[in-house]
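Engineer: Mind looking over this structure? Questions follow.
The values are calculated or read from the model by the stated rules, or taken from the named source; none is laboratory data. Nothing here was measured: the structure is a model prediction, and the numbers come from that model. When we count neighbours, we look across all protein chains shown, and the Cβ atoms used for this are built from the backbone with ideal geometry, even at glycine.
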Amino acid sequence: MKKLALTLITASLVVSSPSYALFGLGDKDSDTVTSLAGQLQSSSELVNSLKDQLGVSTEQAAGGAGALLAMASSQLSGASGEELSGLSSNLSGLLETAKSTGTSLDSMAAVKTAFEKLGLDSSMVEQYVPIVLDYLGDEGASSGLLSSLTSLWK
């Protein structure tokens with residue numbers, strides 16, 4: 001169940017449609033969802049940046065970024081939370097799906113576990129953070145949000 005939820009979060013990184021569209025598939029075959037995610041993620045600037053800089057697969061890049069952003073979404077509230085979800089349609093799709101799955105990505109320990117389930121060493125989180133922060137900065141994130149995320153993702 002957790003793998004399916006993580007796969008759905010991964011797929012939504014690049015899907016700007018509402019989260020119910022993904023859940024409406026009704027497909028319990030995670031290979032199909034993973035295949036769809038792989039096709040859609042190829043155009044994502046963040047995913048491509050992670051792949052190029054870290055040498056990870058598309059699924060690992062999207063899943064790792066998704067885990068970090070889902071954790072941030074669960075921890076940030078008020079203006080920072082709204083700013084994060086409003087940065088781009090790609091992120092808002094991911095964040096809405098992350099919220100609706102009920103997956104508990106509410107701590108760095110949970111993020112590290114998600115990385116391990118993606119076949120990544122948990123220490124890779126430290127390599128993802130600056131790339132995701134750079135991406136968010138390029139998307140127009142305020143210095144206050146970037147500072148909050150830096151503290152959150154330590």
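Engineer: Taking residue 134 as meeting all but one of (1) in a helix (DSSP H, G or I); (2) farther than 18 Å from residue 52 by Cβ; (3) not β-branched (Val, Ile, Thr), write down the number of the exception.
Structural biologist: Residue 134 satisfies all of (1) in a helix (DSSP H, G or I); (2) farther than 18 Å from residue 52 by Cβ; (3) not β-branched (Val, Ile, Thr) except (2).
Engineer: Are there any pairs, at least 6 apart or on different chains, whose C-beta atoms fall under 8 Å, with the first in the stretch 131-144 and under 13 Å from residue 44 (Cβ atoms) and touching a residue at least 12 places away in the same chain (Cβ under 8 Å) and the second in a loop (DSSP other than H, G, I, E, B) and not aromatic (Phe, Trp, Tyr), and if so, which?
Structural biologist: 139/87; 139/88
Engineer: Only one of these is surrounded by 14 or more Cβ atoms within 10 Å (Cβ to Cβ) and modelled with pLDDT of 90 or more: 57, 44. Name it. Reasoning before the result, please.
Structural biologist: Details: 44 fails: modelled with pLDDT of 90 or more.
From the options 57, 44, the qualifying one is 57.
Engineer: Working only within the stretch 105-130, note down all residues that are without any contact (Cβ under 8 Å) to a residue 24 or more places away in the chain and not in a helix (DSSP H, G or I).
Structural biologist: The initial filter retains those residues of the stretch 105-130 that are without any contact (Cβ under 8 Å) to a residue 24 or more places away in the chain, namely 109, 112-113, 116, 121-123, 126, 130.
121, the sole residue that qualifies.
Engineer: Sticking with this one: Restricting attention to the stretch 82-114, and to residues there that are at pLDDT 85 or above and among the β-branched types (Val, Ile, Thr), which single residue is nearest to the chain's Cα centre (by Cα)?
Structural biologist: 111
Engineer: Need pairs with beta-carbon distance below 7 Å; first residue over 20 Å from residue 137 (Cα atoms) and within the stretch 51-74, second part of a helix (DSSP H, G or I) and charged (D, E, K, R); sequence gap 6+ or separate chains.
Structural biologist: Partner pairs satisfying both residue conditions: 58/51.
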